[in-house]
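Here the structure is laid out as structure tokens; the discussion comes afterwards.
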Amino acid sequence: MIKRIFLFIFLAAGYSVFAQFKAKMNAETDFTARKKPVSFSHQPFLLLKVTPTAVLGRDNVLQYGVELAPPFGKFSFGFDYGTGKSSWGFNKEYKALFPDQETRIIRGEIRGYFSDWYPFYALDKKPFGRYYALEYVQRDLTYGYTPDINLYSGITVPAANALNVAWNEKAVHVKFGNHFIVSRWFFIDAFAGIGVGHFNGQPVDMEIEKVTLPFNFKKPERDFNTTGLFLSKTAGIRFCLPI
């Protein structure tokens, strides 16, 4: 009787170990299958892009663009264009302060891809994985601004008429990012970068003396007569259609 009990325990333990081993092998097989590289019938040379995160920014813009990847070397070239209005923005503060604001933005960049050729190593062609980039950004805004007029002893009143202000920001960024290849027809481009920008405010059709502000580590306040340098940051994701 005791021998039968020991035999039963031995067989049960052996079956348990075998079941765990089989489950582990199946899990590793499934993981390998999930990590299988996406197959391409040709090397994509053009990426069509849209940037959903740009709609959620302080200056909401519908931004779209292209990336041209010539079939030589490791560099590519990108261009984005976007327009937006404060009236359909998500930032309640700026929507209240500048309800008539209109924004135009252009971005141009040159990218260099790192040497992780996945998943294009089999084709020995350009990858779309990790990259670094040098980017130029120009942001042009127009909005109405009602300055305060100083009467005396610190008492101020709003001006009778609003000024039409043209605000300009230019920046150069060093960026790093990665293309997450979901399928042969869909990439996700995630990026972040930092650089130096220059801002300039000027009433339309009016020449005024400008105030040069010290270097600003935050986003500059958009006054109508200021200029200076600031620390510029960028981050977001793009949805990409490879062609």
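Restricting attention to the range 104-130, the residues that are open to solvent by 10 Å² or more (accessible area, probe 1.4 Å) and at pLDDT 80 or above total 8.
Count, please, the residues in the range 41-64 that happen to be in a strand (DSSP E or B) and touching a residue at least 60 places away in the same chain (Cβ under 8 Å). Residues meeting the conditions: 6.
One residue stands out among those in the range 72-100 that are among the polar types (S, T, N, Q) and buried (at least 17 other Cβ atoms within 10 Å of the Cβ): the one that is farthest from D140 (Cα to Cα), which is S76. For the range 197-243, taking the residues that are of a type in the set (F, W, Y) and not in a strand (DSSP E or B), the one that is least open to solvent (accessible area, probe 1.4 Å) is identified as F224. Among the conditions (1) in contact with a Phe, Trp or Tyr (Cβ under 7 Å, 6 or more places away or on another chain); (2) in contact (Cβ under 8 Å) with a residue 40 or more places away in the chain; (3) open to solvent by less than 10 Å² (accessible area, probe 1.4 Å), the only one that H173 does not satisfy is (1). Any chance the range 131-148 includes a residue that's touching a helix residue (DSSP H, G or I) at 6+ places or on another chain (Cβ under 8 Å), assigned to a strand (DSSP E or B) and at pLDDT 80 or above? Checking the range 131-148: at least one residue is touching a helix residue (DSSP H, G or I) at 6+ places or on another chain (Cβ under 8 Å), assigned to a strand (DSSP E or B) and at pLDDT 80 or above.
The values are calculated or read from the model by the stated rules, or taken from the named source; none is laboratory data. Not measured: the values here are computed from a predicted model. Positions of Cβ are backbone-derived with ideal geometry, glycine not excepted, and every protein chain shown enters the neighbour counts. Note: accessible area is taken over every heavy atom of the protein model, side chains too, but ligands, DNA and RNA are not part of it. Shrake-Rupley method; radii C 1.70, N 1.55, O 1.52, S 1.80 Å.
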